[in-house]
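See below for the structure under consideration.
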Amino acid sequence: MGFDNTINKSIKKPSFYTHRYYFIIFAKKNELIMSKAERTKRYIIKKSAEHFNKKGYTGTSLRDITELTGLTKGSIYGNFENKEEVAQAVYRYNAKNIGNQLLNASRITEGGAKEKLIGILDYYRDNWEDFRKAGGCPLLNAATEVDDTLPKLVVDVRRSFMGFFKMFESIILEGMAEKVFKEDLNVKHLASTMVILIEGGILLAKTMDNRDYLNVAFKRIETIIENEIML
């Protein structure tokens, strides 16, 4: 009993601040380790994103990825289980990027729901050359390729298109709430029609190397807005 008391008195117990200090040091060290791995992953994704979009998810080899990044195969496999996992991460990056740009195009447009819809079309018009040179729409490219070759990626592509539909649906609903769009609209039908026209216009404009096909598709959407949606 006395021995225990002596020990207790002679040993200074760590204070709250000592515990907190060691916790912070450990957390910072762990954060640095995690961020380095995350930075490497992001580097691989960003460096190979355009190549995947232009050359395809099955057409891009591991050798392509090492040449684009300057990393070894070991470094690639140290961050991704296989090439399919790289492809999935790259697709998600590309899809998120175009999605954010379209959302931003609709949000910075002055006006209401009608102007937001036109703002999305204007984004494609204003950026068509850069968009085309980068390989076109990542959703469309993946959709035409992965159905039979990369079944795991199909889920991501479907989810992306659902997000595309939802974006148009929310803008149409906003217009209905603003009392500038008709009340009895088939929102899902109109949203899917717009996406179909956009993707079809992109496909033909890129394939035929003629943006007139894009203009035809967009003109049809504008007609739908004016004649079928607006009050």
Search result, residues across segment 56-112 that are assigned to a helix (DSSP H, G or I) and among the polar types (S, T, N, Q): Thr66, Thr69, Ser75, Asn79, Gln88, Asn94, Asn97, Asn100, Gln101, Asn104, Ser106
Count of segment 167-192 residues which are hydroxyl-bearing (Ser, Thr, Tyr) and either touching a Phe, Trp or Tyr at 6+ places or on another chain (Cβ under 8 Å) or under 12 Å from Glu228 (Cα atoms) (or both): 1
Residues of segment 46-79 classified as within 23 Å of Arg158 (Cα to Cα) and not hydroxyl-bearing (Ser, Thr, Tyr), total: 10
Matching option when the condition is polar (S, T, N, Q), under 24 Å from the mean Cα position of the chain (by Cα) and farther than 19 Å from Phe164 by Cα, among Thr193, Thr207: Thr207
Within segment 113-145, tally of residues that are surrounded by fewer than 18 Cβ atoms within 10 Å (Cβ to Cβ) and not in a helix (DSSP H, G or I): 3
Residue count for segment 38-92, restricted to those that are among the charged types (D, E, K, R) and either within 16 Å of the chain's Cα centre (by Cα) or on the phi > 0 side of the Ramachandran plot (or both): 7
Filter result for Met176 (more than 26 Å from Tyr57 (Cβ to Cβ) and touching a Leu at 6+ places or on another chain (Cβ under 9 Å)): yes
Count of segment 124-140 residues which are basic (Lys, Arg) and touching a residue at least 24 places away in the same chain (Cβ under 8 Å): 2
Every residue from segment 200-231 that is under 24 Å from Trp128 (Cβ atoms) and in a loop (DSSP other than H, G, I, E, B): Met208, Asp209, Asn210, Arg211
Scope segment 146-171; condition under 16 Å from Ala89 (Cβ atoms) and part of a helix (DSSP H, G or I); matching residues: Val146, Lys152, Leu153, Val154, Val155, Asp156, Val157, Arg159, Ser160
Filter result for Gly163 (touching a residue at least 60 places away in the same chain (Cβ under 8 Å) and at positive phi): no
Residue list for segment 79-112, filter: crowded, with 19+ Cβ neighbours inside 10 Å and of a type in the set (Ser, Thr, Tyr): Tyr91, Ser106
Qualifying position, being among the acidic types (Asp, Glu), closer than 20 Å to Thr144 by Cα and in contact with a Leu (Cβ under 8 Å, 6 or more places away or on another chain), among Glu228, Glu222, Glu199: Glu199
Set Leu185, Leu190, Leu197: member being assigned to a loop (DSSP other than H, G, I, E, B) and either in contact (Cβ under 8 Å) with a residue 24 or more places away in the chain or under 25 Å from Ala49 (Cβ atoms) (or both): Leu185
Members of segment 201-222 found to be β-branched (Val, Ile, Thr) and within 12 Å of Ile118 (Cβ to Cβ), listed by number: Ile221
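All of the numbers you see were taken from the coordinates with simple rules; none came from a lab. Treat the numbers as computed from the prediction; the structure is a model and nothing was measured. Glycine gets a Cβ as well: all are built from the backbone with ideal geometry, and neighbour counts include every protein chain shown.
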